[in-house]
Amino acid sequence: MSDLLIKSLGFKNSARIYLTLTTESVNYIGDKLQYFPSALDALGQTMSIATIMGGTLKKDETVTIRVEGDGPIGKIIVDADAYGHIKGYAQNPHVHLENNNQTLNVESTIGTKGTITVIKDLHLKEPFIGYSPILGSGLAKDFAYYFNISEQTPTAIMLGCTIDTDSRAISSGGLMIQLLPNTKDEIIDEIESIIKSLPPLSEMLASGYSLYDILHNIDKDALILEETPVEYKCNCSKDRFAKGILSLGSKEIKDIIDKDGFADTVCHFCSNKYHFDKSDLEALYNEALIKEENKSKS
């Protein structure tokens, strides 16, 4: 099954149920940057929740998630939008930690202290920025806590990523059940009972359950509202990196020209490389001079 996001209404239109599969997207970047198993697991779970958050947005809105713990993986940064596009990276992809029973230790990979930051570009004057702490008991609980505290929306989250011995995802996905306003207590009790009865999401996905199977087990009468294909998509380009170099200012660009005569840049998200030769840098240097001169006159 290709990567997918399913948006649905369940429990007599009292809850939003979002389900996503991100296996192909996780393996795309995992293969490209040679992620180690527990690092790939951590990135995969973050990509799944970002995909779900992206699905809650309107067209052209975007969300950026930053998971910054005290573990060896460092920062995890993932971007997503309403069209199912996602990209992400971990600061240190070459981390592999296991528990005593040889399961992947994602909690120690990320760390038990730190902050989750969610930045939503809603095309307002300022972006929405929400924060919550890393609790150290798994990303699913961390993000459920984020929704409950930062967005005041009662939410249940399940995240699952199963990695094989070749550092590839057998399956990766996420589930969000979010209560709508004025949900009756008996429905809340029903949802809590169903969540407790479900096997781990990683177990369901790895054993061959489709997203539709899982949705049916949650609520056989759920109404599917939309199905969106999900893909890893990076919007980097040489022009974008040129703007970054231009922002350094004429002095720093001149230093690069004098010292190296060229600049090589690499995209964190997809590892694409962009080379700037001396003539490229000189053109940017001249452009920076003109901008600085115009700024000084204004």
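The values are calculated or read from the model by the stated rules, or taken from the named source; none is laboratory data. The structure presented is a predicted model; accordingly, all values stated were derived computationally and were not measured. Positions of Cβ are generated from backbone atoms using ideal geometry, with glycine treated the same way; all protein chains shown enter the neighbour counts.
Residues of the stretch 119-176 being over 19 Å from Asn99 (Cβ atoms), part of a strand (DSSP E or B) and hydrophobic (A, V, I, L, M, F, W, C), which ones?
Ile119, Phe128, Ile129, Ala156, Ile157, Met158, Leu175, Met176
Go through Ile129, Ile195, Ile170, Ile116 for me and flag whichever is surrounded by fewer than 19 Cβ atoms within 10 Å (Cβ to Cβ) and closer than 23 Å to Ile17 by Cα.
When all the criteria are applied, what remains is Ile195.
Inside the stretch 258-274, can you point out the residues that are without any contact (Cβ under 8 Å) to a residue 24 or more places away in the chain and in a strand (DSSP E or B)?
Of everything in the stretch 258-274, those that are without any contact (Cβ under 8 Å) to a residue 24 or more places away in the chain and in a strand (DSSP E or B) turn out to be Ala263, Asp264, Val266, Lys273.
Do you know which of the residues in the stretch 76-86 that are under 13 Å from Met53 (Cα atoms) and of a type outside the set (Ser, Thr, Tyr) is surrounded by the most Cβ atoms within 10 Å (Cβ to Cβ)?
Ile86
Out of (1) buried (at least 18 other Cβ atoms within 10 Å of the Cβ); (2) touching a residue at least 40 places away in the same chain (Cβ under 8 Å); (3) of a type outside the set (A, V, I, L, M, F, W, C), the odd one out for Glu98 is which?
(1)
When the residues of the stretch 209-251 are filtered to those that are touching a residue at least 24 places away in the same chain (Cβ under 8 Å) and among the charged types (D, E, K, R), which remaining residue is surrounded by the most Cβ atoms within 10 Å (Cβ to Cβ)?
For the stretch 209-251, the residue satisfying everything is Asp219.
Can you go through Ser132, Ser108 and tell me which one is within 26 Å of Asp60 (Cα to Cα) and either touching a residue at least 12 places away in the same chain (Cβ under 8 Å) or among the basic types (Lys, Arg) (or both)?
Ser132
Just one of the numbered conditions (1) surrounded by fewer than 24 Cβ atoms within 10 Å (Cβ to Cβ); (2) more than 12 Å from the chain's Cα centre (by Cα) is not true of Thr20; which one?
Against the list (1) surrounded by fewer than 24 Cβ atoms within 10 Å (Cβ to Cβ); (2) more than 12 Å from the chain's Cα centre (by Cα), Thr20 comes up short only on (1).
Scan the stretch 180-208 residue by residue and report those that are assigned to a helix (DSSP H, G or I), under 25 Å from Met1 (Cα atoms) and touching a residue at least 40 places away in the same chain (Cβ under 8 Å).
Result: Leu201, Ser202, Glu203, Met204, Leu205, Ala206.
Going residue by residue through the stretch 177-185, is there one that turns out to be charged (D, E, K, R) and loosely packed, with under 14 Cβ neighbours inside 10 Å?
yes
Which one of the conditions (1) of a type in the set (Ser, Thr, Tyr); (2) touching a Phe, Trp or Tyr at 6+ places or on another chain (Cβ under 8 Å); (3) in a strand (DSSP E or B) does Thr20 fail to meet, given that it meets all the rest?
Exception for Thr20: condition (2).
Given the conditions (1) assigned to a helix (DSSP H, G or I); (2) closer than 30 Å to Leu21 by Cα; (3) hydrophobic (A, V, I, L, M, F, W, C), which single one is not true for Cys236?
Unmet condition: (1).
Can you say whether Asp221 is over 21 Å from Gly84 (Cβ atoms), in the same structural domain as Met53 (by TED's automatic domain parsing) and outside any strand (DSSP E or B), as far as the supplied structure shows?
yes
Out of Ser296, Ser279, Ser247, report the one residue that is of a type in the set (Gly, Ala, Ser) and closer than 30 Å to Pro93 by Cβ.
Every option except Ser247 fails the conditions.
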